[in-house]
1. Among the residues of segment A:92-129, which ones are in a loop (DSSP other than H, G, I, E, B) and farther than 20 Å from residue A:79 by Cα?
2. Let me spell it out: the conditions are (1) more than 16 Å from residue A:7 (Cβ to Cβ); (2) modelled with pLDDT of 85 or more; (3) not basic (Lys, Arg), and residue A:153 meets all of them except one. Which number is the exception?
3. Go through (1) open to solvent by less than 30 Å² (accessible area, probe 1.4 Å); (2) out of contact with any helix residue (DSSP H, G or I) (no Cβ under 7 Å at 6 or more places or on another chain); (3) not polar (S, T, N, Q) one by one and return the number of the condition residue B:157 breaks.
4. If you go through segment A:229-261 one residue at a time, how many are open to solvent by 10 Å² or more (accessible area, probe 1.4 Å), part of a loop (DSSP other than H, G, I, E, B) and either on the phi > 0 side of the Ramachandran plot or in contact with a Phe, Trp or Tyr (Cβ under 9 Å, 6 or more places away or on another chain) (or both)?
5. Which ones in segment A:170-185 are in contact with an Asp or Glu (Cβ under 9 Å, 6 or more places away or on another chain) and either open to solvent by 50 Å² or more (accessible area, probe 1.4 Å) or small (Gly, Ala, Ser) (or both)?
6. Inside segment A:79-99, can you point out the residues that are within 7 Å of chain B (Cβ to nearest Cβ) and open to solvent by 70 Å² or more (accessible area, probe 1.4 Å)?
7. Look through B:427, B:377 and report the one residue that is at pLDDT below 70, part of a helix (DSSP H, G or I) and under 29 Å from residue B:15 (Cα atoms).
8. Out of all the residues in segment A:195-232, which are free of Cβ contacts under 8 Å to residues at least 40 places away in the same chain and not charged (D, E, K, R)?
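The values are calculated or read from the model by the stated rules, or taken from the named source; none is laboratory data. Predicted, not measured: the structure shown is a model, and the values here were computed from it. Here the Cβ positions follow ideal geometry from the backbone for every residue, glycine too, while neighbour counts run over all protein chains shown. These accessible areas exclude ligands, DNA and RNA; they are computed on the full protein's heavy atoms, side chains included. Shrake-Rupley method; radii C 1.70, N 1.55, O 1.52, S 1.80 Å.
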Amino acid sequence: MMTTPIISIANLSKSYQNNLVLNSLSWDIEQGDIVALLGKNGAGKSTLLETIMNLRNGDQGELKLWDKHWEQLDQPTREKIGFVAQDIKGFEWMRVSDFLSYIGGFFPTWNKDYCEQLQSRWNLDPKKRVGDLSGGQSQILHVIQALSIKPELLILDEPVAHLDPSMRRQFLSELIELTCELNSTVVFSSHIVSDLERVANKVALLQNGIIDYYYDVEQLKSSIAHVKISADIPIEQTPLFTEFVNWRPLTNGATASVVRPLESSIENIAAQSNTNIETTPLSLEDWYLEVSHAAG
Amino acid sequence: MRQVRQTLWNLFSHSWITLIAITILTIVFVSFQLIIYVAEIQQSDAFKASTMTNLVLACFWGIYIGGALLRLKQYYLWKINQCFRQTLVTTYLGLLGVFNLLLIFPAYLNINSNHSPLVLVAPFCVSIFASQVVLAKSLILRAIVPVTPFIIGQLYWLNVDESLIMLLIIASTCGLIYYLYQSSSYRRTEPQDMVFPVASQSTGFKPSIVFKFNYFISLMIANHITKNKKNVSWSILLPHSKLAIFSFFYVLLIFVFLIFLGGAKKSMLEVFTLIFISTSLIAIVMEARQLLPQVKLFSHVFTEVDHRRLKNKILISLDKAFTYNGLIFITGAFLVGQLLSLESDALYFFSASIATLLIAMALHPLLLCLTWINVSLTQILVVSVYFLAIFFVSGWIEANHNSLFYSWEVLLFFICLVITRTLAQVLFWKKPLEKLLKTK
């Protein structure tokens, strides 16, 4: 049975002057998914996440949350959304506890006990002023604020960029707990590919203004590989090998990469091309480098 | 209700030192009003004096509360959570409304004047407009919108009915409140502007236009900038030449208004002198403070232990920026005075501009090395002193216009400025560079 996606984007475009950042982007995100959004610097990840949050307006296209446009979303539904921006300013004069209590007041689902637990677990001094927090502490503060809502949808723009490895690990385990407890949907952008392997069940790659890759992490990990095609002569990339990228002819065959699940198996391709194909599994980090290289 | 209470507290408590300064000013101004009530002053003069002090207080409170609103408005919840938005706006309006009504009501009751009851909302309207000093999206709007009620008020000299003027001010206030509610301050700069956010933020123009203006003006009046390429001056004062455009802009505005106004020319000049102060003294320093961290990129090239040479270059750059702007403005004022045969008013305007320029040059090292909160406090004090000085010194200028530049008072004023500048400069030199570059 088809379920209605929590986030549904159709043909969304957004440009800044002559720079087309989102180019008729279409994307559906299902309930309970933890989606890692990857992309180069300037690919438009923040623009996309902030457009999903209705903080930016797309030039054209359609965006729906829970099958409704933003203007149709009622207040209780809006209050189910948590958000952490890449760089949050403001509230510098407030103490941490005042900030959390103030913002928490606007969310009926705010869990004060959980918020205090997170503060003590992550060593955030409630008496410290927001303006005196370091970059990492400030990020933790806003992550705590977003998690304490107990959101059904959590949008995080580079939430772990300033966190040390231990804090990152704790934050990721909180995310997993949250999704297990509430079946929440999480979309987060990150450059730290190792993190997404630990927490995300889906990975999306934004490049050239579209979601170029969107796969189940396990499915992707089992498919991606570096391949060596052995032959007596150099092999050119024929239509049989169109699904391979970064093709490099060698004197005795060629090398290439498989960066997405193939329509037919490697064995089939080897049999049809009358070659011997050796595969070496790729890590997600290597996969990211390969697809970035393929995109130029 | 708890949210309103907390918002109220947050609007009040965002800058304690400034709050204390404004509270002291309020007490002083209210005491001044009490003196007016008991003194045997003509009713119309008493009401005018009382209203003027109330309007000044309304401006201060508008700027202070507006500053807090801006900081809360920048949070993403403003865009997506109606409850957050409504709570902020209602608390902001309620706070300014009650406060300003409390200020003006005793004066209205105690002084038997024939003014329209609509005058009661004047301080509230002025507060809302004054908030735009911080809330408006560009420096041009920050300079123009707050003086709108005063400009509308000038219609009084064209014999327009007081009630009609008040209705106009109230209507424009309603429009401004609607705009305030609808507009968002989340990420004011778009990504395409991020390279030079200040360029677009402070003018409202596209960066490319600002750069063209800068290039044109730097060719015309600051040729050395292009000779020295991207030097310290360029780094900390990228927008300084467009501030020179402001000077042209204000001279033009003054010219147009003076043509339309038969009487009360001096009153207009007072208003515009105040604008000039806010754009030159405050705007240039504040923009330089924002841009100062850019010096981090090449400060290591200046090898002296105390970075004296770099610090001197920063100070000289600002001195030059003030001089360009001041000279353009003063020349413009002189030309307007000549063209409209307003020699005596032009003299008043000319001397006020020169004084502003000198005060700016004396104080800017101090404003560069103070913390943000103390800068707000200093600005309030400077503007307050100026406001009072404009009204008290204008009479003195008129009485001494023949020997204006040869009097001992002027000499004393000049000596005070030199001492202030020396002390401020020593403070600036002594402040470690890393602390100077952290200023926001």
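1. The initial filter retains those residues of segment A:92-129 that are in a loop (DSSP other than H, G, I, E, B), namely A:92-94, A:105-111, A:122-128.
Hits for segment A:92-129 are A:92, A:93, A:94, A:122, A:123, A:124, A:125, A:126, A:127, A:128.
2. (1)
3. (1)
4. Residues flagged as open to solvent by 10 Å² or more (accessible area, probe 1.4 Å), part of a loop (DSSP other than H, G, I, E, B) and either on the phi > 0 side of the Ramachandran plot or in contact with a Phe, Trp or Tyr (Cβ under 9 Å, 6 or more places away or on another chain) (or both) within segment A:229-261 amount to 5.
5. Across segment A:170-185, the qualifying residues are A:182, A:183, A:184.
6. A:89
7. Being at pLDDT below 70, part of a helix (DSSP H, G or I) and under 29 Å from residue B:15 (Cα atoms) holds for just one of B:427, B:377, which is B:377.
8. A:222, A:223, listed by residue number.
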